[in-house]
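In what follows, a single structure is set out as structure tokens and then discussed.
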Amino acid sequence: MSWFLAFAGFAALIVLHEFGHFAAAKAVGMKVTRFNLFFPPHLFTVRRGETDYGIGAIPLGGYVKIVGMNPQEDIPEEDVPRAYYNQPVWKRLVVIGAGPAMNILLAFLILFVLFAAKGAATDNGSVGSVQKGSAAAGVLKPDDTIVSVDGVRGDSARLRQQIGTHTCADGVKAKGCVAATPATVVVKRDGQLETLKVSPRYDPTAVNTDGSKGRMLIGFTFGYVYDPLPVGRAASRSVTGMWDVSKATVSAITKLFYDSSARKNVSGVVGSYETTRQSFQQDDIVLALQILALISLSLAIVNLFPFLPLDGGHIFWALAEKVRGRPIPFRVMEQASYVGFILVIAVFFIGFTNDIDRLRGAGFGVK
């Protein structure tokens, strides 16, 4: 069932994105000859009016075919007035922008409903789960209440900070190195206080509150409770979260050009799909929906980068035409599209190879 749910979620993201292009093109009078989920060869196709609707065999995306998207396309005389490049710039911007807009809207709606109906997750001071093979494995137990760490009390952030004060025995930060002194963790278990010793280990991939990476961990997650938010706060929290993710996504993509560690963290279609599937398999519908919302938002952001054949590339050249006052030569756009195509393929290849490495290893570690 988890495979089907993850597949259905990704199909919905693609359909809604392409439906945005399709509906906008129809609304402004352009001729749409095909609406396709996934890429050919076609498994199913049916014609309704002037449009063929189909499902392809390669589940890597989808597309809408609008007459005249290629300025050199041979167009029947009766279709020339409805061709894409014969339309005003504003119509082209509406059609191209509608796809990413649908993904942004979907991400907002998912997050809004989760915040309003389920609520925002708040740490409750208990142990939610213990990572297998970690320092805490066999020491801490789920539902233990963390009272203090090294005598320090406070919220989860303060306790994490205290764990992070421990340093490796030789003073050198290396992956998996063990702290020189163990952390003293006092927990409340079955109504009784217990004092436990856990030696933190250094994880270079762990993210700190300031965005930097690398800190000492003992290998557990805090439990949490949900606090439903009023409608206004749910909307505000959704927008704020989406803005933070957007900034992080743009920053991460920019780092691909100069940071090898950033390239190692890229996930492709396989990785995103598998992470979502694992979430459904764990019966964590909230987490799965959050992941789909983030993927939908990321899909919109990536598509808005100003490179052909991405949506952002079409928007960029339409705006360039508006500023220039006359159409941009197709030769110029064609040459620019080569660069964009290479960049898109490069990112896809990096993500795909990373996915293969993860599948050969320990998986994607949703927990």
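Restricted to the range 30-146, the set of strands (runs of 3 or more DSSP E) holding at least 1 residues that are among the charged types (D, E, K, R), touching a residue at least 24 places away in the same chain (Cβ under 8 Å) and over 30 Å from S199 (Cβ atoms) comprises 32-48, 51-66. Quick check on V94: is it over 23 Å from Y202 (Cβ atoms) and either in contact with a helix residue (DSSP H, G or I) (Cβ under 8 Å, 6 or more places away or on another chain) or buried (at least 17 other Cβ atoms within 10 Å of the Cβ) (or both)? Here the answer is yes, as V94 does meet what is asked. Screening V67, V46, V89 for residues that are surrounded by fewer than 18 Cβ atoms within 10 Å (Cβ to Cβ) and more than 25 Å from F10 (Cα to Cα) leaves exactly one candidate, V89.
I'd like the residue in the range 284-300 that is of a type in the set (G, A, S) and out of contact with any Pro (no Cβ under 8 Å at 6 or more places or on another chain) and, out of all such residues, is farthest from I14 (Cα to Cα). Per the stated criteria, the residue is A288. The residues on offer are D150, D190, D155, and the sole one that is closer than 22 Å to G128 by Cα, at pLDDT 90 or above and either hydrophobic (A, V, I, L, M, F, W, C) or exposed (fewer than 15 other Cβ atoms within 10 Å of the Cβ) (or both) is D190.
In summary, helices (runs of 4 or more DSSP H) completely within the range 253-320 and bearing 1 or more residues that are at pLDDT 80 or above and touching a Leu at 6+ places or on another chain (Cβ under 6 Å) occur at 285-303. Selection of the range 229-241 for residues being hydrophobic (A, V, I, L, M, F, W, C) and surrounded by fewer than 19 Cβ atoms within 10 Å (Cβ to Cβ) yields V231, A235, V239.
Scanning the range 182-224 for residues that are among the hydroxyl-bearing types (S, T, Y) and out of contact with any Asp or Glu (no Cβ under 8 Å at 6 or more places or on another chain) yields T195, S199, Y202, T205, T209, S212, T221.
Which one of these does D244 not meet: (1) part of a helix (DSSP H, G or I); (2) at pLDDT 90 or above; (3) loosely packed, with under 11 Cβ neighbours inside 10 Å? Going through the list (1) part of a helix (DSSP H, G or I); (2) at pLDDT 90 or above; (3) loosely packed, with under 11 Cβ neighbours inside 10 Å, D244 breaks only (2). Just to be sure, is G232 of a type outside the set (S, T, Y), within 30 Å of L297 (Cβ to Cβ) and touching a residue at least 40 places away in the same chain (Cβ under 8 Å)? For G232, the condition - of a type outside the set (S, T, Y), within 30 Å of L297 (Cβ to Cβ) and touching a residue at least 40 places away in the same chain (Cβ under 8 Å) - is not met. Taking the range 125-150 as the range and being in contact with a helix residue (DSSP H, G or I) (Cβ under 9 Å, 6 or more places away or on another chain) and over 22 Å from Y202 (Cβ atoms) as the test, the residues that pass are G125, S148.
Would you confirm whether any residue within the range 211-228 is in a loop (DSSP other than H, G, I, E, B), surrounded by fewer than 13 Cβ atoms within 10 Å (Cβ to Cβ), without any contact (Cβ under 8 Å) to a residue 60 or more places away in the chain and under 23 Å from the mean Cα position of the chain (by Cα)? Checked the range 211-228: at least one residue is in a loop (DSSP other than H, G, I, E, B), surrounded by fewer than 13 Cβ atoms within 10 Å (Cβ to Cβ), without any contact (Cβ under 8 Å) to a residue 60 or more places away in the chain and under 23 Å from the mean Cα position of the chain (by Cα).
The values are calculated or read from the model by the stated rules, or taken from the named source; none is laboratory data. Since the model is a prediction, treat every value here as computed from it, not as a measurement. Glycine gets a Cβ as well: all are built from the backbone with ideal geometry, and neighbour counts include every protein chain shown.
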